[in-house]
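This report concerns only the one structure given below.
The values are calculated or read from the model by the stated rules, or taken from the named source; none is laboratory data. Remember, it's a predicted structure, so these values are computed and weren't measured experimentally. Backbone-built Cβ (ideal geometry, glycine too); neighbour counts: all protein chains shown.
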Amino acid sequence: MNCFTGCFEDDVRKTVLEVKRRIGALMDALPAYIENPHDVYQVLNLDKKLGWRIFRIVHEDDIFFAAQFIPGKQSFSRFLKSCRGKGVPQELLDDAMKAVEEFYGLVDVHSGDRQSLDLMLMTSSDNGRQQAFKTLQKNLYQNQSHLLGLQAETQLNTWIFGPGREGAFSIAILKGLYKIRRNRRSTRWIVHSECLNAPTGEPLPAEPIDPEAGSNLEQNVPFLLNYCSDPLPEVKAITRSACGPTYELVEGPVGNTTLMNSVTGTVTRNVFRHSDIPAGDRTHEVFISVYTPVQNLVFDQFVHESLLLAQEPRVEVMGDFNGRSGPLSRRFKCDRLPVETTISIRGNGLDGTYTPLVPDYGEMLAEVFRNLGWEPDEFFLYRVRQELPVVPSTIFMLDRYSFQ
């Protein structure tokens, strides 16, 4: 008779420990010493996968990770039959079967099916947690690509905090989607929107970085023309604000024969001064939204040496499923996503910018800095890399101001 507490973790520990103990007793009773998985399927004449699973159950210290290796009923019966054929006492076989049946009861109580239980086990496991999340992220990417009708290989977001007039700072923003593929002809998709606010809350107008794109955002998309696909992606303005229009990729043909690269760049001049930062507020915070299914995300931040930062960067990833958005101060702990994300300081200048995920990135940045009139060696680069980012989510890059 099953005797579960109702607490998933407690029931798993009790049940799986008993399975490990009973299977270990079977292996000890075999006529040959079992030292590795090869010994299991060699001695018992089992297929390699089943022998490997049996060995991992006994030797994996992480209880939650070990539980995923417990085989189904038919496979476990084959294991018991082989043990019986090697002279293992029936009492030990009965005890092992009882322990495994208790585990099958755990499935019924806590998940209803084995696939769901394995995911619950992996996300509770120190060893398996990131593996489970990576599997879920991959499935989410594939499903959303077809549900939303569009996908891309890489999303690029680059923020450049540079000098302005009279001690103010300017902000340049690059946005890219590489190898955009429509999976549904009717799909429309936002490829560029811009809105920065002054400390007073007023929207700040932007201008294109590429002079060849034209100076009027109302009439010209702020493409970085040398780094988009040819012909240019067909887009149109769908909304307008004091910051500038929002541009939408219009519907078009599906599949890999019409892959597109869309890269835009704008700059907002003289956004803020050190004196605009509230007293006691030492947090430098930049965040981007992820709403396109992509395989890779590259999020770069260049900070001018005069904007003194502690160079102690950290990253937070927040899900946007609860309708919350905006700064980290508006978020709750429950918004945090349990995904691995790396952040690194890549040094000053453009030497650390190379990534195979963004074609001609170094050349593009060199051109951007020339157009802005800024010297790249005066900037420090921070980078966040994430595979299969969750949609929708917001990624925050944070550091502390270090000026006195």
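Please specify each residue of segment 358-403 satisfying the condition of being in a loop (DSSP other than H, G, I, E, B), surrounded by fewer than 17 Cβ atoms within 10 Å (Cβ to Cβ) and either in contact (Cβ under 8 Å) with a residue 60 or more places away in the chain or not assigned by TED's automatic domain parsing to the domain that holds Val290 (or both). Spell out how you get there, then give the answer.
The initial filter retains those residues of segment 358-403 that are in a loop (DSSP other than H, G, I, E, B), namely 358-360, 373-375, 388-392, 402-403.
The next check asks that each one be surrounded by fewer than 17 Cβ atoms within 10 Å (Cβ to Cβ); those that pass are 359-360, 373, 375, 392, 402-403.
Residues satisfying the conditions are Pro359, Asp360, Pro392, Ser402, Phe403.
From the list Ala152, Ala168, which one is at pLDDT 95 or above and not aromatic (Phe, Trp, Tyr)? Show your work before the answer.
Working: Ala168 fails: at pLDDT 95 or above.
Step by step, each of Ala152, Ala168 is checked, and only Ala152 is at pLDDT 95 or above and not aromatic (Phe, Trp, Tyr).
Checking Arg53 against (1) touching a Ser or Thr at 6+ places or on another chain (Cβ under 9 Å); (2) touching a residue at least 24 places away in the same chain (Cβ under 8 Å), which single condition isn't satisfied?
Unmet for Arg53, out of (1) touching a Ser or Thr at 6+ places or on another chain (Cβ under 9 Å); (2) touching a residue at least 24 places away in the same chain (Cβ under 8 Å): (2).
Which residue, of Gly244, Gly255, is more than 29 Å from the chain's Cα centre (by Cα) and at positive phi? Before you say what the answer is, go through the steps one by one.
Numbers: Gly255 fails: more than 29 Å from the chain's Cα centre (by Cα).
Going through Gly244, Gly255 in turn, the sole match is Gly244.
Give segment 133-160 a look and list any residue that's assigned to a helix (DSSP H, G or I), polar (S, T, N, Q) and touching a Pro at 6+ places or on another chain (Cβ under 9 Å), or say none. Spell out the reasoning first.
Here is the first cut: in segment 133-160, the residues assigned to a helix (DSSP H, G or I) are 133-148.
Within this subset, residues satisfying the condition of being polar (S, T, N, Q) are 135, 137, 139, 142-145.
Once the filter is applied, which keeps residues that are assigned to a helix (DSSP H, G or I), polar (S, T, N, Q) and touching a Pro at 6+ places or on another chain (Cβ under 9 Å), segment 133-160 yields Gln137, Gln142, Asn143, Gln144, Ser145.
With closer than 30 Å to Gly164 by Cα, of a type in the set (Val, Ile, Thr) and either surrounded by 19 or more Cβ atoms within 10 Å (Cβ to Cβ) or assigned by TED's automatic domain parsing to the domain that holds Ser170 (or both) as the only criterion, which of Ile238, Ile345 stands out? Let's see the steps before the verdict.
Numbers: Ile238 fails: closer than 30 Å to Gly164 by Cα.
The unique qualifying residue is Ile345.
Name the residue, out of Pro389, Pro327, Pro338, Pro356, that is at pLDDT below 90 and within 25 Å of Ala152 (Cβ to Cβ).
Values: Pro389 fails: at pLDDT below 90; Pro327 fails: within 25 Å of Ala152 (Cβ to Cβ); Pro356 fails: at pLDDT below 90.
Every option except Pro338 fails the conditions.
Collect the residues in segment 302-323 that are within 20 Å of Glu387 (Cβ to Cβ) and among the small types (Gly, Ala, Ser), keeping them in residue-number order.
Gly319 - this is the single residue of segment 302-323 that is within 20 Å of Glu387 (Cβ to Cβ) and among the small types (Gly, Ala, Ser).
Could you tell me which of the residues Val40, Val12 is part of a helix (DSSP H, G or I), crowded, with 18+ Cβ neighbours inside 10 Å, β-branched (Val, Ile, Thr) and in contact (Cβ under 8 Å) with a residue 60 or more places away in the chain? Reasoning before the result, please.
Values: Val40 fails: in contact (Cβ under 8 Å) with a residue 60 or more places away in the chain.
Unique residue meeting the criteria: Val12.
With respect to the numbered conditions (1) free of Cβ contacts under 8 Å to residues at least 60 places away in the same chain; (2) hydrophobic (A, V, I, L, M, F, W, C); (3) surrounded by 14 or more Cβ atoms within 10 Å (Cβ to Cβ); (4) not in a loop (DSSP other than H, G, I, E, B), which one is the sole condition not fulfilled by Cys243?
Result: Cys243 passes all but (4).
Going through segment 262-315 one residue at a time, which ones are acidic (Asp, Glu) and either touching a helix residue (DSSP H, G or I) at 6+ places or on another chain (Cβ under 6 Å) or surrounded by fewer than 21 Cβ atoms within 10 Å (Cβ to Cβ) (or both)?
Within segment 262-315, the first condition is being acidic (Asp, Glu), and the residues that meet it are 276, 281, 285, 300, 305, 312.
Listed by number, the residues that qualify are Asp276, Asp281, Glu285, Glu305, Glu312.
Just for segment 156-184: of the residues that are over 22 Å from Tyr291 (Cβ atoms) and charged (D, E, K, R), which one is nearest to the chain's Cα centre (by Cα)?
Arg165
Looking at Val298, is it β-branched (Val, Ile, Thr) and touching a Phe, Trp or Tyr at 6+ places or on another chain (Cβ under 6 Å)? Please lay out each step first, then the result.
Values: β-branched (Val, Ile, Thr): yes; touching a Phe, Trp or Tyr at 6+ places or on another chain (Cβ under 6 Å): no.
Judged against the criteria, Val298 is not a match.
If you go through segment 50-74 one residue at a time, how many are surrounded by fewer than 16 Cβ atoms within 10 Å (Cβ to Cβ) and either part of a helix (DSSP H, G or I) or in contact with a strand residue (DSSP E or B) (Cβ under 9 Å, 6 or more places away or on another chain) (or both)?
The number of residues fulfilling the criteria is 3.
Output the number of residues of segment 320-352 satisfying the condition of being without any contact (Cβ under 8 Å) to a residue 60 or more places away in the chain, under 24 Å from Gln130 (Cα atoms) and of a type outside the set (D, E, K, R).
Selection size over segment 320-352: 9.
Out of the residues in segment 161-187 that are outside any strand (DSSP E or B) and among the basic types (Lys, Arg), state the one that is surrounded by the fewest Cβ atoms within 10 Å (Cβ to Cβ). Let's see the steps before the verdict.
Applying the first criterion (outside any strand (DSSP E or B)) to segment 161-187 yields 164-168, 183-187.
Of the ones still in play, those that are also among the basic types (Lys, Arg) are 165, 184-185.
Details: Arg165: 9, Arg184: 13, Arg185: 11.
For segment 161-187, the residue satisfying everything is Arg165.
Suppose the filter is among the hydroxyl-bearing types (Ser, Thr, Tyr), touching a residue at least 24 places away in the same chain (Cβ under 8 Å) and within 30 Å of Ala66 (Cα to Cα); does Thr135 pass it? Show your work before the answer.
Numbers: among the hydroxyl-bearing types (Ser, Thr, Tyr): yes; touching a residue at least 24 places away in the same chain (Cβ under 8 Å): no; within 30 Å of Ala66 (Cα to Cα): yes.
Here the answer is no, as Thr135 does not meet what is asked.
Pull up segment 97-132, narrow it to residues that are part of a helix (DSSP H, G or I), touching a residue at least 60 places away in the same chain (Cβ under 8 Å) and of a type in the set (S, T, N, Q), then point me to the one that is farthest from Ile57 (Cα to Cα).
Here the residue is Gln130.
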